[in-house]
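Just so you know, all these numbers are worked out from the coordinates, no wet-lab data involved. Not measured: the values here are computed from a predicted model. We place every Cβ from the backbone using ideal geometry, glycine too, and count neighbours over all the protein chains shown.
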Amino acid sequence: MNLGNPINSVIPGARGEVLAVLARTERPLSGRRVAALTGGRVSQTGANLALRSLVASGLVLVEAHPPANLYRLNRLHLAASCIETIATLPEQVVDAIRAHLEVWPIPAWGAWLFGSAARGDGNEASDIDVVIVRPDEVDDGDPDWLDHVDRLAADVTAWTGNKCEVVEYGIQEFEGMFDRSDRLASELRADGVALTSRRLPRGTPIERTRR
């Protein structure tokens with residue numbers, strides 16, 4: 001799955017980009033605004049051509065508001081729900097991972113999504129990177145725990161088509177990364193997406209004792 005723009009995996013080109021924009025809002029948008037919201041991937045001319053085609057197909061509705069036309073996704077169209085589902089797949093992946101973790105018999109101490117999937121700039125070749133922290137009562141070689149970790153990685157890959165890489169730590173080892181400001185700790189602080197209610201460690205042991 002193209003993690004940065006999933007609809008492109010199913011509807012490539014300008015029409016997919018335009019539909020992804022319209023699927024994420026209920027506000028009517030001008031062709032200029034639609035083009036801007038594609039992040040420069042589609043020109044205004046390209047957006048206008050795609051919008052005309054989509055209006056002709058019935059997927060997009062147009063309203064005349066001189067000097068511009070305003071466009072919105074036709075949510076009564078039978079294909080609209082499919083388009084919305086595809087456009088919001090990154091959020092659905094996060095929700096699915098959270099739901100998976102919630103039913104573990106021994107809950108993870110904490111878990112975070114990081115890397116390109118967390119930043120939203122991945123593509124079909126990108127891994128989905130997850131860090132999971134074991135609770136103190138679980139050994140690093142516990143077979144049941146490892147089975148849960150392996151099942152999560154396999155399920156995420158099945159859901160998305162992207163390889164899921166799980167990085168696993170004990171609590172002290174994980175907190176130590178933040179004391180040292182390791183690269184992964186900095187990356188998690190910048191872009192990490194929490195998959196449980198646990199917050200990231202704040203830094204040094206002194207800082208943590210003041211919480």
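Observations on the structure shown:
- Look at the Cα gyration tensor of region 75-124: its axes a ≥ b ≥ c give a/c of at least 1.5 with a/b at or below b/c, and that counts as oblate.
- With contacts taken as Cα pairs under 8 Å and at least 6 residues apart, the chain reaches a relative contact order of 20 percent.
- Expected 222 nm ellipticity per residue - DSSP helices of 4 or more, -39500 (n - 2.57), all of the chain, to 500: -13500 deg cm²/dmol
- Given charges at Cβ of Lys, Arg, Asp, Glu: region 87-211 dipole, positive-most of Asn162, Leu195, Pro105: Leu195
- Cβ-placed point charges (K, R +1; D, E -1), dipole of the chain about Cα centre in debye, nearest 20: 1580 debye
- Prolate/oblate/rounded call for region 89-209, Cα gyration tensor, a/c under 1.5 rounded: oblate
- Hydrodynamic radius by Kirkwood, which averages 1/r over all alpha carbon pairs of region 124-183, in angstrom: 12.7 Å
- Region 64-102-region 26-45 distance, computed between alpha-carbon centres (Å): 16 Å
- Considering only the chain, percent of DSSP beta bridges that pair antiparallel, nearest 5: 70 percent
- Neighbours of Leu37 by Cβ distance under 12 Å: Lys/Arg scored +1, Asp/Glu scored -1, total +4.
- FRET efficiency, Val167 to Ser43 (Cβ-Cβ, R0 41 Å, nearest 0.05): 0.55
- Coarse-grained scattering of the chain at q = 0.16 Å⁻¹, given as base-10 log I(q)/I(0) from a Debye sum over alpha-carbon atoms: -1.00
- Cα Rg, Dmax (largest Cα-Cα span) when computed across region 6-86, Å: 11.3, 35
- Cα centre as origin, Lys/Arg/Asp/Glu Cβ charges: region 89-209 dipole, Debye: 520 debye
- Three-way shape label, region 107-148, alpha-carbon gyration tensor, a/c 1.5: prolate
- Taking other C-beta atoms within 10 angstrom as a stand-in for reagent exposure, Val149, Val130 fall in the order Val149, Val130, fewest first.
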